[in-house]
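Accompanying notes for the structure given below.
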Amino acid sequence: MDSLRFDRPKFRLAGDRGLLVEFGDAITPEINQSVRAMTFALETAAVPGVREVIPTYRSVVVVYDPLTTNPSLLSPLILSLHEGLARIDTPAPKESVIPVCYGGEYGPDIAFVAEHNHIGTDDVIRLHSEPSYPIYMLGFSPGFPFLGGLSEKLHTPRLTSPRMRVLAGSVGIANNQTGIYPIASPGGWQLIGRSPVRLFDPERPDPFLLRAGDTLRFEPITPDEYQRRAVGDEHD
């Protein structure tokens, strides 16, 4: 077994109605698969008192009703489910294709990413848009996808001083991660492009476009295509 993956989950309290279930000490596809399987197992089991199951890189947060259940009851149940995780047939990931206009006013840091990695800007676009990225978790802001699988040739440190406002749809790189800002917010990631797709919209029946456990692929588009597809004033 991967030495970074725990033989059995570790439990930590997360406030007065949360239980953190950890599966390993690193961010790896294997550990995240355990996270996905446990999330599916808990949601399928419909455990009394469990209000929400939140997957992260290497752990699951179980939010519960303290009037119905508690960690002493939940821990043995989770350990029992863990014994059968390898036999759980989790749903196949759904892939979303996100159009991105790279460089220029949409990606002001693409030249720095290229220079830092001793490649051209065309190489940045090619390397960034080639993979199918696993969506490990959503967080930071509503619907922000933290993606795995960024090419080592694109690893670039964060900005030394974060921007006070990053526009919604901005696609960035920070160290070995890449992601998309779903709403306008402060941020310190290196911006290499922007998407016209709205990842978070509170007016939709389902506000979130993406889900942890699915996959995402970037599709390069031209500035004219961006303008045709842009919606709302958050992208202006």
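Quick check, is Ala212 open to solvent by 30 Å² or more (accessible area, probe 1.4 Å), outside any strand (DSSP E or B), in contact with a Phe, Trp or Tyr (Cβ under 9 Å, 6 or more places away or on another chain) and of a type in the set (Gly, Ala, Ser)? It is true that Ala212 is open to solvent by 30 Å² or more (accessible area, probe 1.4 Å), outside any strand (DSSP E or B), in contact with a Phe, Trp or Tyr (Cβ under 9 Å, 6 or more places away or on another chain) and of a type in the set (Gly, Ala, Ser). Among the residues in the stretch 175-188, are any of a type outside the set (Phe, Trp, Tyr), under 18 Å from Cys101 (Cβ atoms) and open to solvent by 10 Å² or more (accessible area, probe 1.4 Å)? Yes, the stretch 175-188 has at least one match. Pro134 meets all of the listed conditions (1) open to solvent by less than 30 Å² (accessible area, probe 1.4 Å); (2) outside any helix (DSSP H, G or I); (3) within 19 Å of Ala37 (Cα to Cα) but one, namely (1).
Do we find that Phe40 is within 16 Å of Asp214 (Cα to Cα) and among the aromatic types (Phe, Trp, Tyr) in this structure? Here the answer is yes, as Phe40 does meet what is asked. Pairs meeting the criteria (first residue in the stretch 75-102 and touching a residue at least 24 places away in the same chain (Cβ under 8 Å), second residue among the basic types (Lys, Arg) and loosely packed, with under 15 Cβ neighbours inside 10 Å, beta carbons under 7 Å, at least 6 apart or on different chains) are Leu79/Arg8; His82/Arg8; Glu95/Arg217; Val97/Arg217; Pro99/Arg229. One residue is enough: does the stretch 151-165 have a residue meeting the conditions β-branched (Val, Ile, Thr), open to solvent by 50 Å² or more (accessible area, probe 1.4 Å) and free of Cβ contacts under 8 Å to residues at least 60 places away in the same chain? Yes, some residue in the stretch 151-165 is β-branched (Val, Ile, Thr), open to solvent by 50 Å² or more (accessible area, probe 1.4 Å) and free of Cβ contacts under 8 Å to residues at least 60 places away in the same chain.
In the stretch 119-128 there is no residue matching the filter, namely being part of a strand (DSSP E or B), touching a residue at least 40 places away in the same chain (Cβ under 8 Å) and open to solvent by less than 60 Å² (accessible area, probe 1.4 Å).
For the stretch 211-218, does any single residue satisfy the condition of being modelled with pLDDT of 95 or more, of a type in the set (D, E, K, R) and in contact with a helix residue (DSSP H, G or I) (Cβ under 7 Å, 6 or more places away or on another chain)? Checked against the condition, which is being modelled with pLDDT of 95 or more, of a type in the set (D, E, K, R) and in contact with a helix residue (DSSP H, G or I) (Cβ under 7 Å, 6 or more places away or on another chain), the stretch 211-218 yields no hits at all. Among the residues of the stretch 66-93, write down those that are surrounded by 15 or more Cβ atoms within 10 Å (Cβ to Cβ), assigned to a loop (DSSP other than H, G, I, E, B) and modelled with pLDDT of 95 or more. Hits for the stretch 66-93 are Thr69, Asn70. The strands (runs of 3 or more DSSP E) found entirely in the stretch 1-65 that carry 2 or more residues being touching a strand residue (DSSP E or B) at 6+ places or on another chain (Cβ under 7 Å), open to solvent by less than 20 Å² (accessible area, probe 1.4 Å) and of a type outside the set (Gly, Ala, Ser) are 18-24, 59-64. Residue check: is Pro99 under 30 Å from Ile221 (Cβ atoms) and assigned to a strand (DSSP E or B)? For Pro99, the condition - under 30 Å from Ile221 (Cβ atoms) and assigned to a strand (DSSP E or B) - is met.
The values are calculated or read from the model by the stated rules, or taken from the named source; none is laboratory data. A quick note: this is a predicted structure, and the numbers were derived from the prediction, not measured. Counting neighbours? That spans all protein chains shown, and the Cβs are built from the backbone with ideal geometry, glycine included. We work out accessible area using only protein heavy atoms, side chains counted, and drop any ligands, DNA or RNA first. Shrake-Rupley method; radii C 1.70, N 1.55, O 1.52, S 1.80 Å.
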